[in-house]
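What follows is a single structure, written as structure tokens, with notes after it.
The values are calculated or read from the model by the stated rules, or taken from the named source; none is laboratory data. If you're wondering where the values come from, they're calculated on a predicted model, not measured in any experiment. Note: ideal-geometry Cβ built from the backbone for every residue, glycine included; neighbour counts use all protein chains shown.
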Amino acid sequence: MINFYEQQNRNHNYQPIEEKNEIVNSHKINGKKPNFEKYDDPTGEFDSKQLKWGMWYVQNKILLRRIGIGALFVFIAITFGFSLWKGGFILYYDFFQQPAAEIDLTRATNYNVLNQSRIPQQMQIMDIQILPGGVDKNDVIAELVNPNERYIVYFDYYFDFGGQQSPRQKGFLLPFEVRPIAAMGLDSGWAVGLANLMVENISWQRISNHLISDVKRWQDERLIFSISDFVFKQTGVAGGASSNIISFKLTNESSFSYKDAVFYVGLYQNGSLVGLMKLPVQDFHSLEVRDVDLRSFVSNLVVSEIKLFPAIDLYDKAVYLQP
């Protein structure tokens, strides 16, 4: 039989089919596939790791394409949905909200009303009384109110009796404070009749909300004083005393100590004010108890109860004792 391959292949380098199958089968080792991880490129252009990733890419090329297309569709859906929502909002605002906003812009703010709300209200004078203050002496007492929540008021004052005037004094009122002021020991020869309270040099000091948020609570925590063991002895009752004796215990129940604390002690008979006495207390420590003994030379004085009026400028650091 003529071998056409042999006739064409003059180099005689062909192999029979059976020998080729044996060569192919010889590449299988115990029926296992070749291990590309141990592949060593003789050219040195790429290693087994690059070959592995290349084979993985070829095998998953279609999956990666689908994932990319899906992500693109999701991005398009989100951006398109946002555009629809934003467009609808703009249309709604243009048709419904913008006309109302334009009307509001044309309205002028009444700054006069706004400024008035920040101007402190004036002090209120509740009552003025002239009471006996001793032998041939009278005391003039006026009860004042500071109706403001965030303003301290400082002022000078005196009483006018139609030509005669009491000495000028300085006073102050804390926010929301109700307290008497007085001119004491005036000559009873002219300090009688109708007295007018004259207030001058009024100045207001605003308390910042950034420093003190609750002014009333802040003040109440510093003005905790109590009176106990009150005793009143009238002239001539106790061993022939020549003056009325008002004695009691004064306790500083606050957590603060005061260098020069000033109090006014109101003397009352069945709820009516019959006298006022000034009580300075130096170096009054927290939780300290002081025995107080006051003397009054007012004739026929009867006192059934007393009331304490602290006159301490809590916003002045100088009034506090250093710890």
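Some observations on this one:
- Qualifying residue in the range 254-269 (condition: acidic (D, E), surrounded by 12 or more Cβ atoms within 10 Å (Cβ to Cβ), at pLDDT 95 or above and not assigned by TED's automatic domain parsing to the domain that holds Y151): no
- Hey, L250 crowded, with 19+ Cβ neighbours inside 10 Å, free of Cβ contacts under 8 Å to residues at least 60 places away in the same chain and under 28 Å from Y315 (Cβ atoms) or not: yes
- Selection from the range 137-171 of residues that are aromatic (F, W, Y) and either in contact (Cβ under 8 Å) with a residue 40 or more places away in the chain or not in a strand (DSSP E or B) (or both): Y151, Y154, F155, Y157, Y158, F161
One line per residue, one yes/no per condition, for (1) on the phi > 0 side of the Ramachandran plot; (2) assigned to a strand (DSSP E or B); (3) surrounded by 16 or more Cβ atoms within 10 Å (Cβ to Cβ); (4) modelled with pLDDT under 95:
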{"position": "P175", "(1), (2), (3), (4)": "no, no, yes, no"}
{"position": "G189", "(1), (2), (3), (4)": "no, no, no, yes"}
{"position": "V192", "(1), (2), (3), (4)": "no, no, no, yes"}
{"position": "S226", "(1), (2), (3), (4)": "no, yes, no, no"}
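- Restricting L301, L314, L276 to residues that are surrounded by 17 or more Cβ atoms within 10 Å (Cβ to Cβ) and out of contact with any strand residue (DSSP E or B) (no Cβ under 6 Å at 6 or more places or on another chain) narrows the list to L314.
- Pairs with Cβ under 8 Å, 6+ apart, first in the range 301-323 and closer than 15 Å to L279 by Cβ, second modelled with pLDDT under 95 and not in a strand (DSSP E or B): none
- Of all the listed residues (V178, V135), the sole one being in contact with a strand residue (DSSP E or B) (Cβ under 7 Å, 6 or more places away or on another chain) and β-branched (V, I, T) is V178.
- Counted as qualifying within the range 32-136 are the helices (runs of 4 or more DSSP H) with 2 or more residues that are modelled with pLDDT of 85 or more, namely 61-92.
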